[in-house]
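Heads up: the structure comes next, in structure tokens.
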Amino acid sequence: MQRIAMLGSGFIGRFYADSIQGYRSKDKIVSIYSRREESAKKFAEDYKVSHWTTDMETAIAHPEVDMVCISLPNNLHEAAVMLCCKHKKAVITTKPLGRNGEEAKRMLEAVEKAGIFNGYLEDLVYTPKFIKALESVKNGALGRILWAKSRETHPGPHSDWFWDIEQAGGGCILDLGCHCVEITRSYIGKDIKPVEVMCWADTQVKPIDAEDHAIGLVKYENGAIGQFEVSWTFRGGLDLRDEVMGSEGTIWINSFLRTGFDMFTTGKGADYVAEKAESNTGWLFPVGDELNELGYNHMFMDMFDAMEAGTAPKESFYDGYVVNCILDAAYRSAKSKLWEPVKLDIWRGREGVSKDSHLTEYDADHYLVKEEVTHYGAKKVIIKNKVTGKISEKTLE
Ligand SMILES: NC(=O)c1ccc[n+]([C@@H]2O[C@H](COP(=O)([O-])OP(=O)(O)OC[C@H]3O[C@@H](n4cnc5c(N)ncnc54)[C@H](O)[C@@H]3O)[C@@H](O)[C@H]2O)c1
């Protein structure tokens, strides 16, 4: 059983509370911290939390609390983590870990020095579709992973602080790119070093200092490429899609806008449809069980199971730190218009991995380029001579 202090009673704090208390009923939020008394009280009432406070440290230090869940704006993550270290409380924090790599590094070093359990709440690597897809990738169904793309776009966040670059630390690159980077990094292999990033970013629509639209490429040491597409200006709801391409296969995942659930309503008696849905009339695309589809249930299960087993969860502060460093390089590239190196002072994966051979043997003298069965029934092979480099084709019987 986990007894949790929830810091923050907003959008994600409530999603987390629904998941934590909705399924594994043994886990319980025992203290809620919110900035405003009325929000803390309302949360306490809604989730039957016995203790509420408007003082963060009081919630963290509460004697019944085993684990602290940080659901606060990005600029408050570090201070909350430091208080958890001070009181030696296990800590799990929402994404992004920090506003930048430096903040994330300080948090990582602090929790490790304090010797406390730390988990990074990247829910999108815990969705049922992602878990199944990653299993297929790990089992080799796609062969060598060449490219992994993740897209998260929506019409923009729901609270003022996201739009303020100082509090948020960035725009859609940081807010949404952190998900995409961890998804694609997982498909490519979390032990493979990200080496450099090329990114385009612009403020196309919103009256803000941060970027509201960006596309980035993350190059990995083994030659694989990750891609993120993020936007706060996309119209039509929450578009969450992944594509993975390997030498032997492909995966396409649509996690939110097209889940196979289409509904039409005239709007009479219309209701909540799904996160960031822009309409509740006409043809709609609801999501069956958002808590599950967005990965929250599997994520908390992993966090709590790991904490109880004394092991590390699948996503730790270290992963949050790597993601922040990749995004820092994206910001630098968006300015310099050049490939920018990923600066990782702490790297725990493999070193010096070279690009895998892309050559497929056909026979002693040739590499295979392609096999083809044509519409007129011929079976051909296209091959390349290993010595001369000459490309030729053979029609087989
Ligand atoms: N899928 C996800 O993992 C996901 C989704 C949304 C948000 N988030 C993350 O969750 C965190 C919170 O986002 P949210 O959407 O819940 O925001 P929100 O604005 O809905 O809620 C933030 C909470 O923090 C409190 N707060 C705001 N400013 C504060 C201040 N200056 N001092 C103390 N408390 C303050 C608010 O009162 C509220 O309780 C962010 O880091 C965000 O990136 C993660």
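Only one of these conditions is not met by Lys394: (1) over 25 Å from Ala201 (Cβ atoms); (2) within 41 Å of the chain's Cα centre (by Cα); (3) in contact (Cβ under 8 Å) with a residue 12 or more places away in the chain; (4) not in a loop (DSSP other than H, G, I, E, B). Which number is it? (2) is the only condition that Lys394 fails.
Filtering Thr184, Thr203 for residues that are in the same structural domain as Phe234 (by TED's automatic domain parsing), over 19 Å from the mean Cα position of the chain (by Cα), of a type in the set (Val, Ile, Thr) and away from the ligand (no atom under 16 Å from the Cβ) leaves a single hit, Thr203.
Selection within segment 74-92: residues that are crowded, with 19+ Cβ neighbours inside 10 Å and within 8 Å of the ligand (Cβ to nearest atom). The member of this set that is farthest from Glu166 (Cα to Cα) is His77.
Among residues that are more than 16 Å from the ligand (Cβ to nearest atom) and out of contact with any strand residue (DSSP E or B) (no Cβ under 7 Å at 6 or more places or on another chain), Gly189 is included.
In the condition set (1) of a type outside the set (Phe, Trp, Tyr); (2) in contact (Cβ under 8 Å) with a residue 60 or more places away in the chain; (3) over 27 Å from Thr184 (Cβ atoms), Ser279 is compliant with all but (2). Are any of the residues in segment 162-184 part of a loop (DSSP other than H, G, I, E, B) and in contact with a helix residue (DSSP H, G or I) (Cβ under 6 Å, 6 or more places away or on another chain)? There is at least one residue in segment 162-184 that is part of a loop (DSSP other than H, G, I, E, B) and in contact with a helix residue (DSSP H, G or I) (Cβ under 6 Å, 6 or more places away or on another chain). If the condition is being within 16 Å of the ligand (Cβ to nearest atom), outside any loop (DSSP other than H, G, I, E, B) and crowded, with 18+ Cβ neighbours inside 10 Å, then segment 144-161 contributes Ser150, Arg151, Glu152, Thr153. Just one residue in the set Ala141, Ala80, Ala104 is under 20 Å from Glu57 (Cα atoms), in contact (Cβ under 8 Å) with a residue 60 or more places away in the chain and either not in a helix (DSSP H, G or I) or not acidic (Asp, Glu) (or both); that residue is Ala80. Only one of the numbered conditions (1) more than 14 Å from the ligand (Cβ to nearest atom); (2) of a type in the set (A, V, I, L, M, F, W, C); (3) surrounded by 15 or more Cβ atoms within 10 Å (Cβ to Cβ) is violated by Ala5, and that is (1).
The residue that is nearest to the ligand (Cβ to nearest atom), among those in segment 112-124 that are hydrophobic (A, V, I, L, M, F, W, C) and over 22 Å from Asn297 (Cα atoms), is Ile116. Selection over segment 60-71 of residues that are among the aliphatic types (A, V, I, L, M) and either assigned to a strand (DSSP E or B) or within 16 Å of the ligand (Cβ to nearest atom) (or both) gives a count of 4.
Residues in segment 65-100 that are closer than 20 Å to Cys178 by Cα and among the β-branched types (Val, Ile, Thr): Ile70, Val81, Val91, Ile92, Thr93, Thr94.
The set of residues in segment 107-138 being hydrophobic (A, V, I, L, M, F, W, C) and either in contact with a His (Cβ under 8 Å, 6 or more places away or on another chain) or without any contact (Cβ under 8 Å) to a residue 24 or more places away in the chain (or both) consists of Met107, Leu124, Ile131. So which residues in segment 200-217 are out of contact with any helix residue (DSSP H, G or I) (no Cβ under 6 Å at 6 or more places or on another chain) and not in a loop (DSSP other than H, G, I, E, B), if there are any at all? Residues satisfying the conditions are Trp200, Asp202, His213, Ile215, Leu217.
Per the conditions (1) closer than 26 Å to Trp347 by Cα; (2) within 16 Å of the ligand (Cβ to nearest atom); (3) not small (Gly, Ala, Ser), the sole criterion not satisfied by Thr127 is (1). Within segment 36-59, being of a type outside the set (D, E, K, R), within 13 Å of the ligand (Cβ to nearest atom) and part of a helix (DSSP H, G or I) holds for Ser39, Ala40, Phe43, Ala44, Met56, Ala59.
Consider segment 163-176 and keep the residues that are touching a residue at least 60 places away in the same chain (Cβ under 8 Å) and more than 15 Å from the chain's Cα centre (by Cα). The one that is nearest to Ser255 (Cα to Cα) is Gly171.
The values are calculated or read from the model by the stated rules, or taken from the named source; none is laboratory data. Just so you know, these numbers come straight off a predicted model, no measurement behind them. When we count neighbours, we look across all protein chains shown, and the Cβ atoms used for this are built from the backbone with ideal geometry, even at glycine.
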